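Reviewing the structure listed below.
Just so it is clear, none of the values below were taken in a lab; they were calculated from the coordinates. Since we're looking at a predicted model, the values are computed, not measured. As a convention, Cβ positions derive from the backbone with ideal geometry for all residues, glycine included, and neighbour counts pool all protein chains shown.
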Amino acid sequence: MGDESAVLSFPRRVELDVVTGLPQRKHLDQDLPALLRHLGPEGLPLSVVMADIDHFKKFNDKWGHDIGDKVLRHVASIIRKSVRYRGDAYRYGGEEITLLLPNTLSQEGLATAERICSLVYETPLLIQGMEPLGVTLSLGVASTEQVSGEEILVCADKALLRAKNQGRNQAVLFEQSKAPKGANIDVDVCFPAHSTVSAGEYVLLRRWFAHRNEPTNIEAREIFLPGSGIREISEVGCSRSSLVEAEIRGRVREVERRGSVTYFTFEVDGEVLDLMVHHMKGAEG
């Protein structure tokens, strides 16, 4: 649909990531809720694209972090030019880049992601004294046509995971899971502070550790609510060496508040639980 006014009405940020030249993650956390509030009452769609550089670790391991940074800048430049008049791209973290595409239907968002995927594949990185480096992307797309606003970041990430599992170098549109009942797993979460989370919300846990190394029983240190842009942080016990700096995403179910502590049941995909175990092992190492 490409209504430029829906994009340009938001003030541009000046704090850019030093490697990619894209707005920093904190601006995504501010802009996504603002766009949802702006577009929702008008019934206008928003598409979100999560992009991840395939096998990025090999660039750092084989040629060093300087080449890894060049790969990031190369991909960021292609993405930024591709969405210049449709929306904004942000460095989400690591080798992930997130795109917000206002006034964009799901099939349009998928077409944009597929075009970016093709451009990156067809444009190797040229570095003097080296053979051209081939780079590919996996991308996941979700739209407010399909899911409620607060779920959109989580659902785009699920589509990204599917793109990776299906062989990478492709864009995948989020689809409601057709998995049999029981594919989702409940995780008991303790947050040692008062939290505003409520049942039914999609949230991101950003810093956490597992009790007795059990991934279904964790203590969170930072919670982010994509629908409102609220970030909640607890500094209690942050000296733990096993604290994991990795996001877990899912839906909150039952919530119980006891004094200053918040307990809730957190529903995650089975695939997410596998990733949690991987992150736990990394923290132990």
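How would you classify the stretch 54-119 from its alpha-carbon gyration tensor, with a ≥ b ≥ c the square roots of the eigenvalues: rounded for a/c under 1.5, else prolate if a/b is greater than b/c, otherwise oblate?
Details: a/c = 2.61, a/b = 2.31, b/c = 1.13.
Prolate.
Compared with the dominant Cα axis of the chain, that is its longest principal axis, helix 25-39 is turned about 90°. Look at the alpha carbon pairs under 8 Å that are at least 6 residues apart: their mean separation over the length of the chain gives a relative contact order of 16 percent.
If R0 is taken as 22 Å, the Cβ-Cβ distance between R258 and T216 corresponds to a FRET efficiency of 0.65. Computed extension gain for L243 through K26, at 0.36 nm per residue and net of the alpha carbon distance, reaches 76.0 nm.
How do the peptides 108-114, 262-268 rank, highest first, by the average count of neighbouring beta carbon atoms within 10 Å per residue? Working shown, then result.
Details: 108-114: 22.0, 262-268: 19.0.
Ranking the peptides 108-114, 262-268 by packing returns 108-114, 262-268.
Within the set (i) 57, 48, 41; (ii) 73, 40, 31; (iii) 64, 45, 32, the number that Cα extents along the principal axes in Å takes when calculated for this structure is listed as (i).
Peptides 64-73, 140-149 ranked from most to least packed, by the mean per-residue count of other Cβ atoms within 10 Å: 140-149, 64-73.
Rounded to the nearest 0.05, what FRET efficiency do L119 and E145 have when you use their Cβ-Cβ distance and R0 = 30 Å? Intermediate results must be reported in sequence, preceding the final value.
Working: r = 25 Å, r/R0 = 0.83.
In this case the efficiency is close to 0.75.
Straight-distance candidates among the aspartates and glutamates for linking to K62, with alpha-carbon spacing under 18 Å and chain neighbours fewer than 8 residues away dropped: D54, E95, E131. With the simple spin-label model, which puts each label point 7 Å out from Cα in the Cβ direction, the A111 to V277 separation comes to 4.2 nm.
Compare the peptides 44-53, 26-35, 227-236 by average per-residue count of other Cβ atoms within 10 angstrom and give them in order, highest first. Before the final figure, lay out each step's value.
Numbers: 44-53: 24.8, 26-35: 19.0, 227-236: 15.4.
By packing density, highest mean first, the sequence is 44-53, 26-35, 227-236.
Grab the beta carbon distance between V19 and N165, set R0 = 30 Å, and tell me the FRET efficiency rounded to 0.05.
Numbers: r = 27 Å, r/R0 = 0.91.
Between V19 and N165 the formula returns 0.65.
The C-alpha atoms of the chain define a longest principal axis, and helix 152-165 lies at about 70 degrees to it.
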